[in-house]
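Here's the structure we're looking at; comments come further down.
The values are calculated or read from the model by the stated rules, or taken from the named source; none is laboratory data. Quick caveat, the model's predicted, so the values are computed rather than measured. Quick reminder, even Gly has a Cβ in these numbers, built from the backbone with ideal geometry, and neighbours come from all protein chains shown. These area figures cover heavy atoms from the full protein model, side chains too; ligands, DNA and RNA do not enter into them. Shrake-Rupley method; radii C 1.70, N 1.55, O 1.52, S 1.80 Å.
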Amino acid sequence: EALRSLDRLDLDGASRSLGEQRAAIGADLAESRSDFGIALGLARIRRRRRLELLDALTVGWAEQSIDRLTALPVLDPTTDMATQSYLSLRLGELYREAALTGTDVAREYVLIVVETDHTAHRLVAEARLTTLHSALQYAFVGGESIVAITSRRVLALANREEPRLSDSLARLRSELKIALAEGRLPSARSWRQSLPDTAGELPLAMIEIGY
């Protein structure tokens, strides 16, 4: 009844504001659209109008999410590398999009992790981390997200598409081999870390890579 009485008012603005509020508290977009769609249906809002209002909610949610992203420190001021906060937001974005489109994040993406030996010397650790980061940047040239996870471990969020992934891994192995030969790294290990099927399983997956 309340929604029907608002039909003469700015329902678009109210829907957009609701989307902003839902994003601000970290609510999932798919869940927000579902809940709002049910409420609009109960209020007997016309189907075409319901779709317009759902789009307004989505716009509000997206704008608020972008604001949250830009408010977070996405780069470490010391190393100039992407932060764990950025990785969390990027993964959340992928899983939310997958919920809307029916795609499978775990089938489309994989984490490529590289690490070297630990050192207590800060400057040495930063130099090694930079070397790992540079190797991933050289290997993965398709706009993949590259993030420093610990003081000796860096990862790339990569697309599984072949032969692109195999080519990138070959370049990575070559770069790490050169860094080892030049003495810029004492050791180097790399592996693939699969992503979980659902966003709810992400915390455990992040723990496994030292997040």
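Does any residue in the range 117-137 that is within 26 Å of SER168 (Cβ to Cβ) come within less than 7 Å, Cβ to Cβ, of a residue that is in a helix (DSSP H, G or I) six or more places away or on a different chain, and which pairs are these?
Cβ pairs passing all conditions: THR131/ALA179; ALA135/LEU172; ALA135/GLU175; ALA135/LEU176; ALA135/ALA179; LEU136/LEU172.
Kindly list the number of the only condition in (1) under 23 Å from the mean Cα position of the chain (by Cα); (2) touching a residue at least 40 places away in the same chain (Cβ under 8 Å) that fails for PHE140.
Of the numbered conditions (1) under 23 Å from the mean Cα position of the chain (by Cα); (2) touching a residue at least 40 places away in the same chain (Cβ under 8 Å), the odd one out for PHE140 is (2).
Within the range 121-151, count every residue that is within 16 Å of THR83 (Cα to Cα) and of a type in the set (D, E, K, R).
Within the range 121-151, residues that are within 16 Å of THR83 (Cα to Cα) and of a type in the set (D, E, K, R) number 2.
Answer yes or no: is there a residue in the range 86-93 that is in a strand (DSSP E or B) and either open to solvent by less than 10 Å² (accessible area, probe 1.4 Å) or of a type in the set (Ser, Thr, Tyr) (or both). Steps first, please.
Let us first name the residues in the range 86-93 that are in a strand (DSSP E or B), namely none.
There is no residue in the range 86-93 that is in a strand (DSSP E or B) and either open to solvent by less than 10 Å² (accessible area, probe 1.4 Å) or of a type in the set (Ser, Thr, Tyr) (or both).
Count, please, the residues in the range 179-211 that happen to be in a loop (DSSP other than H, G, I, E, B) and over 24 Å from the mean Cα position of the chain (by Cα). Before the answer, list the steps.
The first filter runs over the range 179-211 and keeps only residues in a loop (DSSP other than H, G, I, E, B), leaving 182-188, 195-198, 209-211.
Cutting the leftovers down to over 24 Å from the mean Cα position of the chain (by Cα) gives us 182-188.
Here the count works out to 7.
Residues that are among the hydroxyl-bearing types (Ser, Thr, Tyr): which strands (runs of 3 or more DSSP E) entirely in the range 97-173 hold 1 or more of them?
Details: elements: 109-115, 145-150, 153-159.
The qualifying strands (runs of 3 or more DSSP E) are 109-115, 145-150.
When residues of the range 162-211 are filtered for being touching an Asp or Glu at 6+ places or on another chain (Cβ under 9 Å) and without any contact (Cβ under 8 Å) to a residue 24 or more places away in the chain, how many remain?
0
Limited to the range 100-116, what total is found for residues that are open to solvent by 10 Å² or more (accessible area, probe 1.4 Å) and within 19 Å of ARG171 (Cα to Cα)?
Final tally of qualifying residues: 2.
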